[in-house]
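K.L.:
Below you will find the structure I want to go over with you.
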Amino acid sequence: MIHPITWLVQLFFSGLLILVIILSTVSVMGAYGLFVVFLGGCAALFFPILYLAILWFIDYEKEPLRFIFSLFLWGAFAATIAFVVNSTIHLFLAVLLGGGAVTVLLLTVFVAPIVEESVKGSGLVVIGEHHEMDDTFDGLLYGFSVGMGFAAVENFFYFSARHGSHEGDLASWLWLIAYRSLLCAIGHGCFTGTLGAVIGWIKTSKYSPYMLLAAVPGLILAMSVHSLFNFTAVVQGIVTLALKIGVEYPVPIFHGPLMLALGIIYFGIITPLAWKQTKRRIMAEKAREGDAS
């Protein structure tokens, strides 16, 4: 996971998807598409890196940056895998069910959360075996890193596709960037951070020998929260369309309260408790070293 050769493989395949997105946008918009992909790409990278840097900075025991970088890349690579798998399943469901609202609902609420959290979580489970993941905060940080890498590629896709298909003016496009950067990007960090926190907590408990098996409930929880998030997006789309609001400028009628609740849970409760757990562990280790000397 942390070897440079692995980085190159992940960058290659992620780069292929990004290249397809760029070529698609430019083919529709011409030279102006280069501006769109440049600005969209900067925004897609800036916000996830900013959020990740803040969480890493407050860590009581700073994790090696090569681990953070590796997991960020895994998240980007996971987005590429998920894009292919989701698209394939979408085509299958469209043939089987004839497309339409049912297909979109199944893909959005059930298929996407299962596929995306499974792919993202697989890398997290692998790195969970490493001794650098010591506790709950480490798991939360590592999971958040994966989510930020995934969000960067996914947001780049949405930023390019939205403006590239002439669905709105510049103002509505910038609103979409702000909306997805503030809500959806953090959401992906929280989803995978759920599994990471469970894995990190298990490693500090008596169940550590059974980490792989015990991580299953964490994965199910991550999928469930992701599914709920996507469901609120569907309901929000239906309501705003019926009320004829938020078409060009999405209004977080349901996403907003949900993300506020997630933010309070993750960053107001879980993160401080995990931070204190790390501090107690380090203080205990230093005390034991003092006794030994």
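The values are calculated or read from the model by the stated rules, or taken from the named source; none is laboratory data. Since the structure is predicted, the reported quantities are computational estimates derived from the model, not experimental observations. With ideal geometry, Cβ positions are generated from the backbone for all residues, glycine too; neighbour counts draw on all protein chains shown.
K.L.:
Does Val102 satisfy being aliphatic (A, V, I, L, M), under 18 Å from the mean Cα position of the chain (by Cα) and either part of a helix (DSSP H, G or I) or at pLDDT 95 or above (or both)?
P.N.:
no
K.L.:
Restricting the range 227-279 to residues that are among the aliphatic types (A, V, I, L, M) and in contact with a Phe, Trp or Tyr (Cβ under 7 Å, 6 or more places away or on another chain), which is modelled with the highest pLDDT?
P.N.:
Ala274
K.L.:
In the range 105-139, which residues are among the charged types (D, E, K, R) and part of a helix (DSSP H, G or I)?
P.N.:
Passing the criteria: Glu116, Glu117, Lys120, Asp138.
K.L.:
For the range 236-265, which positions are among the aliphatic types (A, V, I, L, M), exposed (fewer than 14 other Cβ atoms within 10 Å of the Cβ) and assigned to a helix (DSSP H, G or I)? Explain how you work it out, then say what you get.
P.N.:
Taking the range 236-265 as the starting set, the residues that turn out to be among the aliphatic types (A, V, I, L, M) are 238-239, 241-243, 245, 247, 251, 253, 258-262, 264-265.
Checking the rest, the ones that are also exposed (fewer than 14 other Cβ atoms within 10 Å of the Cβ) come to 238, 241-243, 245, 260-261, 264.
Of everything in the range 236-265, those that are among the aliphatic types (A, V, I, L, M), exposed (fewer than 14 other Cβ atoms within 10 Å of the Cβ) and assigned to a helix (DSSP H, G or I) turn out to be Ile238, Leu241, Ala242, Leu243, Leu260, Ala261, Ile264.
K.L.:
Within the range 61-99, restricting attention to residues that are touching a helix residue (DSSP H, G or I) at 6+ places or on another chain (Cβ under 9 Å), assigned to a helix (DSSP H, G or I) and more than 24 Å from Leu17 (Cα to Cα), which residue is modelled with the highest pLDDT?
P.N.:
So the residue we want is Leu65.
K.L.:
Would you pick out the residues in the range 1-34 that are under 22 Å from Gly193 (Cα atoms) and part of a loop (DSSP other than H, G, I, E, B)?
P.N.:
Met1, Ile2
K.L.:
Being more than 19 Å from the chain's Cα centre (by Cα), assigned to a helix (DSSP H, G or I), surrounded by 18 or more Cβ atoms within 10 Å (Cβ to Cβ) and touching a residue at least 40 places away in the same chain (Cβ under 8 Å) is the requirement here; does Val37 meet it?
P.N.:
yes
K.L.:
Can you find a residue that is within 22 Å of Trp173 (Cα to Cα), in contact (Cβ under 8 Å) with a residue 40 or more places away in the chain and under 21 Å from the mean Cα position of the chain (by Cα) anywhere in the range 263-275?
P.N.:
Among the residues of the range 263-275, not one is within 22 Å of Trp173 (Cα to Cα), in contact (Cβ under 8 Å) with a residue 40 or more places away in the chain and under 21 Å from the mean Cα position of the chain (by Cα), which makes the answer no.
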